[in-house]
Amino acid sequence: MAQLAVGDPAPGFTLTDQHGSSTSLEDYRGRNVLVYFYPKADTPGCTTQACGLRDILGDIGDSAVIGMSPDKPAKQAKFDEKYGLGFPLLADEDHAVAEAYGVWGEKKNYGKTYMGIIRSAFLVAGDGRLAGVWYKISPADTPKKLLAALTP
């Protein structure tokens, strides 16, 4: 699968969030938005990543954060409520958006090979182009990379 690079136009999307509302990338035009992909809500790595981003929301100005996984909206809602995340968690159930961003791929775990989300994050600038691209990012590095990218 082809990977995106800084300067590329960010693939657009419209998906359902944890509250059942429709959320589009276009809704954030004119603002920076971090779009990050995580494998599964309420698992240790995904919780570390989401809570780390929640904890820096006050430090990123009018920039926004959007999380995305193949989980159903109800599971996303439980994840949000449990940790008070406070940002949209989108249900990419058919992984079409993950494929557009090049983050749906082959994974291995305990000797088993399967298809899934490759944890990655993308900073989309207000003009809709990618200002930051981080494939295979660690959960703890996601907030650090976002803060560094937003610091002039």
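Descriptive notes on the structure:
- Taking region 125-152 as the range and being buried (at least 17 other Cβ atoms within 10 Å of the Cβ), out of contact with any strand residue (DSSP E or B) (no Cβ under 7 Å at 6 or more places or on another chain) and either modelled with pLDDT of 95 or more or of a type in the set (Asp, Glu) (or both) as the test, the residues that pass are 139, 143.
- Cβ-Cβ under 6 Å pairs, at least 6 apart or on other chains, region 62-84 side among the aliphatic types (A, V, I, L, M), far side surrounded by 17 or more Cβ atoms within 10 Å (Cβ to Cβ) and part of a loop (DSSP other than H, G, I, E, B): 65/87; 66/88; 68/92; 77/18
- Residue check, residue 120 under 20 Å from residue 13 (Cα atoms), touching a strand residue (DSSP E or B) at 6+ places or on another chain (Cβ under 6 Å), touching a residue at least 24 places away in the same chain (Cβ under 8 Å) and hydroxyl-bearing (Ser, Thr, Tyr): yes
- Residue within region 16-30 that is part of a helix (DSSP H, G or I) and of a type in the set (A, V, I, L, M) present: yes
- Restricting region 69-94 to residues that are under 19 Å from residue 45 (Cα atoms) and of a type in the set (Asp, Glu), the residue that is surrounded by the fewest Cβ atoms within 10 Å (Cβ to Cβ): 81
- Whichever residue in region 95-115 is modelled with pLDDT of 95 or more and touching a strand residue (DSSP E or B) at 6+ places or on another chain (Cβ under 7 Å) and, among such residues, is surrounded by the most Cβ atoms within 10 Å (Cβ to Cβ): 103
- Cβ-Cβ distances below 9 Å connect the following pairs, each with a first residue in region 128-152 that is touching a residue at least 12 places away in the same chain (Cβ under 8 Å) and more than 26 Å from residue 44 (Cβ to Cβ), a second residue that is part of a loop (DSSP other than H, G, I, E, B) and polar (S, T, N, Q), and a separation of six or more residues or different chains: 131/32; 150/32; 150/63.
- In region 10-57, residue surrounded by the most Cβ atoms within 10 Å (Cβ to Cβ) [restricted to those that are among the charged types (D, E, K, R) and more than 23 Å from residue 100 (Cβ to Cβ)]: 54
- Some residue of region 35-47 being hydrophobic (A, V, I, L, M, F, W, C) and in contact with an Asp or Glu (Cβ under 6 Å, 6 or more places away or on another chain): yes
The values are calculated or read from the model by the stated rules, or taken from the named source; none is laboratory data. None of the values given here were measured: they were computed from a predicted structure. As a convention, Cβ positions derive from the backbone with ideal geometry for all residues, glycine included, and neighbour counts pool all protein chains shown.
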